[in-house]
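First comes the structure, then the notes that go with it.
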Amino acid sequence: MTRISAFGDDALGEHDAVGLVEALRNGAVSATELVEAAISRTEKVNPALNGLAYEAFDRARRRAAAPRPYGGYFDGVPSFIKDNVAVAGMPTMQGTDAWEPRPQPADGDFARAFLATGLLPLGKTQLSEFGFSAAAEHPRIGPVRNPWNPEHTAGASSSGSAAFVAAGVVPIAHANDGGGSIRIPASCNGLVGLKPSRGRLPLDKDVRQMPVRIVHDGVVTRSVRDTAAFYREAEKAFANPRLPAIGDVTGPSAERLRIAVCTRSIVRDAAPEVRELTTKTAALLESLGHKVEFIDNPVPAHFADDFLLYWSFLAFALVRGGRRMFGTTFDRSRLDNLTLGLDRHAARNLHRLPLAIARLARIRRITERATRDYDVVLMPTLADPPPRIGHLDPTQDYQTIIDRLIDWVAFTPLQNATGEPAISLPLAQTADGLPVGMMFSAPLGEDRRLLALAYELEEAQPWARITD
């Protein structure tokens, strides 16, 4: 197995983002040096990983050379933004070729909060078309590959961001999650990926208007402290008064938790190796003094059908409203088979949509009742390890793709419907050395609890790095 690593003896070194802030503040490095190192690393590994959607290197150089590019705690730390949020001066192509690129006139709501932290974007990263697939395998430009083993997927839809962070191009990058797209690539690439509580971060207008707001923005990182620092700083730019503040989480909590463990989704059991790794994680939690109990999955069977129909409805809206949303160059014939198949599924089942939306909106009542005796729930992030490139190729027939997606992405969509926070931690690896994420979820607003637990697990069982 040949790993793809950008790490080297340059200004970035092996630092996480917080480490780079410290280096910037003590004068050991400059923002210009960090940006040049990140550009060099991108150019080194992108031909193999294929994670770059749009290059803004010269813009990043100019802003790094300014006295303070944005201000904010991370001022001068290089990063990337996923290519499905609006950033002034950059196109937003949503992982598709279906219309002609055009620069956005202004930053979207999320980009304003992201940039307020000081993070300095070098451009935008690849995703699957509209984020619908859990693997980014573009029919024209090819797949985003996993730096741990490029024969396997980097996961999606935040695939480019995760591949670059894992490979060491940058320490932190934007990701977002409408059915697992922060947690899935975090799991595949051995990263920390927190899908925050609904409303924790601002959303761009197009996703804010969804009937059920399943999309959540966030980041992928290599360390818990980077994720915690990002949310601390983002909270200074946007604080939701309806949620408990996260604040400055700097380490584990002394509180011992009641943790439920479940290795079966509503579709299937996790693969034997993934189930065994989850059981080992449960044993680790027990050794740390937490109370652990195995439970059956409490989610009703209709959830899978409801979520798929809602997911399909989003494709239906994009396909049928493409010219209005994306301009007169929109050409639906350039969409992939998954997007078009989802559109057809929605069209055939529109009469069932109101009930599906109503049940999705009520699903948190079920999870609250089922888990009122627990502080945290542990599940594997994914039912299987990362599949090989081609398993989710979007040029296959729709039914093949969707059956494989539902089979693999069996655990993550629940928290998109409930709005509850969930974090994937890189606590395990397969016998072949591929990362396997463990997912912890908590009640709405308890993001801080998950970060404190993540710190504890990172200390107790430090995760593998691609350079090990």
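The values are calculated or read from the model by the stated rules, or taken from the named source; none is laboratory data. Remember, it's a predicted structure, so these values are computed and weren't measured experimentally. Cβ coordinates were reconstructed from backbone atoms using ideal geometry, including for glycine residues, and neighbour counts include every protein chain displayed. Side chains are part of the model used for accessible areas, which takes the heavy atoms of the whole protein and leaves out ligands, DNA and RNA. Shrake-Rupley method; radii C 1.70, N 1.55, O 1.52, S 1.80 Å.
Determine the order of L284, L122 by accessible area, beginning with the largest, at a probe radius of 1.4 Å.
Largest to smallest exposure gives the sequence L284, L122.
Taking the highest mean first, how do the peptides 418-428, 230-240, 248-258, 267-277 order by number of other beta carbon atoms within 10 angstrom per residue?
Answer by packing, highest mean first, reads 418-428, 230-240, 267-277, 248-258.
Are there any helices in the chain, counted as whole DSSP H runs, that stretch 24 Å or more along their axis by Cα and score at least -1.0 on average by Kyte-Doolittle, and if so which?
Sorted by number, the helices that extend far enough and score high enough are 31-49, 302-320, 353-370.
Would you rank R213, R242 by solvent-accessible area, highest first, keeping every protein chain in place and using a 1.4 Å probe?
Putting R213, R242 in descending order of accessible area: R242, R213.
So, taking all protein chains as they sit and a 1.4 Å probe, how much accessible area belongs to I4, in Å² rounded to tens?
Accessible area of I4: about 30 Å².
Just add up the charged neighbours of R404: K/R +1, D/E -1, any other residue whose Cβ is under 13 Å from the Cβ of R404.
Charge balance near R404 sits at -4.
I need the trypsin sites (Lys or Arg not before Pro) found in segment 350-447, filtered to DSSP loop residues with at most 12 other beta carbons within 10 Å of theirs.
R372
Using a cut-off of 11 Å between beta-carbons, work out the net charge of the residues near R258 (Lys and Arg +1, Asp and Glu -1, R258 not included).
So the environment of R258 carries a net charge of -1.
Under 20 Å from a label point 7 Å along Cα→Cβ of M210: give me every residue in segment 434-468 with its amide N that close.
440-447
How much net charge surrounds H174 when only the other residues with a Cβ under 14 Å from the Cβ of H174 are counted, with Lys and Arg +1 and Asp and Glu -1?
Residues close to H174 contribute a combined charge of -4.
In the set [x] 68, 68, 36; [y] 82, 49, 46; [z] 59, 55, 48, which value of Cα extents along the principal axes in Å was calculated from the structure you see?
So the calculated entry is the one marked [z].
Magnitude of the Cβ-charge dipole of segment 11-460, K/R +1 and D/E -1, about the Cα centre, nearest 20 debye?
1300
If packing is taken as the mean number of other Cβ atoms within 10 Å per residue, what is the order of 297-304, 142-149, 91-98, highest first?
The most tightly packed comes first, giving 142-149, 91-98, 297-304.
How far is the Cα center of segment 124-173 from the Cα center of segment 12-34, in Å?
25
When DSSP beta bridges are limited to those with both residues in the chain, what percentage is antiparallel, rounded to the nearest 5?
70
Tell me, what is the percent relative contact order of the chain, built from C-alpha pairs under 8 Å that lie six or more residues apart?
18
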